[in-house]
Every structure is written in structure tokens, then in C-alpha cells.
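Peer 1: Below: one structure in C-alpha cells.
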Amino acid sequence: MNKSPLLPIGFLLSVVLFSASLLTGCGEHPLSSENKYQKDGFSMLLPNGWEVSQDYFPTSTHRLITLSTSVSSRARIEVFDTSASRPNLEMYLQQYMADAIPEAQRASVKISHGEVERNQGRGYFVEVNQNGETDTNYYIEVIEMQYVDHQSYVTLHTPNDSKARILAEFNQLIDSINNEK
């Protein structure tokens, strides 16, 4: 009986490659060209379960794209033309938080925050913990992305219990924005 030494090696190689594909995909939601959103010079790959809710220009130098996520969290991308006035990151976050927490509730919430550094830009995270049993605690992250002719703020707003899952998807979204590979 003539046994080929390639059979065991080929079998082992296929097992190793299959195992590696499982490990690299673990915890991630794959992106594909089927999830590509492209309009008016802006492109991104949407994680599975995400969709664009709105895409419009409130002014000629400001674009707002709102997204719904796979776990009913919210995300948005605001794009500002660099030739026009626009808020800096700190002012943007301050305004966002003022809109997110009604003035009557501001004294009763506990807020923790910090900086976030990414390859695509810098940003801040904010964790909002409310005191009531029925209130939902949530996580907000804002990333500033600068380009030659525009500046974008990408914001995620999600309940704390969805944070771990949705952050992986948010990272994939950020990596894909205007990144033609």
C-alpha cells in the first residue's frame, strides 16, 4: 500500500487554515462590498445590520448622515467643509452632550469621560450613568476625522449593555470611511 505523505500535510494545512479563519472572524461582523454606501463623494462600508436613515445637507457646507445600528443604537456622521466655519472637537462634544441630556436631568447624572486615540483621528468617550432604576445608562463616543477639504465628526450613542458589541462594529465603520482599498 503506497501512502502519499502529502495527504496528511494537506489535511493538516486545511485544518489550520479553517481554524485561522474562525479565529480571525471571531467577534467581528464582516464587511463586504454589498454593504457599501456611496453618495456625493462620500463612501463607507456598513457593518451587517446597519443602515443609513438619512443623508442630507442642512446647509451647503454641512452634511449630516444618520445611521441605525444592529442593536438599535444611533450613529451619525457630520461632515463640514473646511472653507466654512465649523466647531472644534471640544465644542462639538459640548453641544452634543447639551442636546443629549436635558438641563433638568444634568445634576442627577454621573458622567465619566476620557480621550480616545485612533489611526483615523482623536476623540472623546462619555459614559452617562443615571440614578433611576428605569433609566438607561449609555456610552457616547465622538471621533474627529480631518481631510484636505472637509472635517468629519463620527458619533456613536449606545446603551452601556450594547457597548462591547457595537464598538467593534463602530471601529469597522470608522476604518472604512472614505477608505478605498
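Peer 1: So, in nm, how far is label ALA168 from label VAL52 when the simple model puts each one 7 Å beyond its Cα toward the Cβ?
Peer 2: 2.6 nm
Peer 1: Then there's this: For VAL71, what is the net charge nearby, where nearby means another residue's Cβ is under 11 Å from its Cβ and Lys, Arg count +1, Asp, Glu -1?
Peer 2: Details: positive: ARG74, LYS163, ARG165; negative: ASP161, GLU169.
Residues near VAL71 contribute +1 overall.
Peer 1: Quick one: length gained pulling SER43 to TYR147 fully straight, 0.36 nm per residue minus the C-alpha distance?
Peer 2: Stretched fully, the SER43-TYR147 segment lengthens by 36.1 nm.
Peer 1: Moving on to the next point. What number in nm² do you get for the stretch 32-176 if you take the convex hull of its Cα atoms and divide its surface by four?
Peer 2: 9.2 nm²
Peer 1: Here is a further query. Within the stretch 75-119, list the residues whose amide N lies under 19 Å from a label point set 7 Å along Cα→Cβ of ASP175.
Peer 2: 116-119
Peer 1: If you take every residue apart from TYR92 with its C-beta less than 13 Å away from the C-beta of TYR92, what net charge results, scoring Lys and Arg +1 and Asp and Glu -1?
Peer 2: Local charge sum for TYR92: -2.
Quick note: the coordinates plus some simple rules give every number you see, no bench work behind them. In this text the structure is predicted, and so the values were computed from the model without any measurement. Don't worry about glycine lacking a Cβ; one is built from the backbone with ideal geometry, like all the others, and counts go over all protein chains shown.
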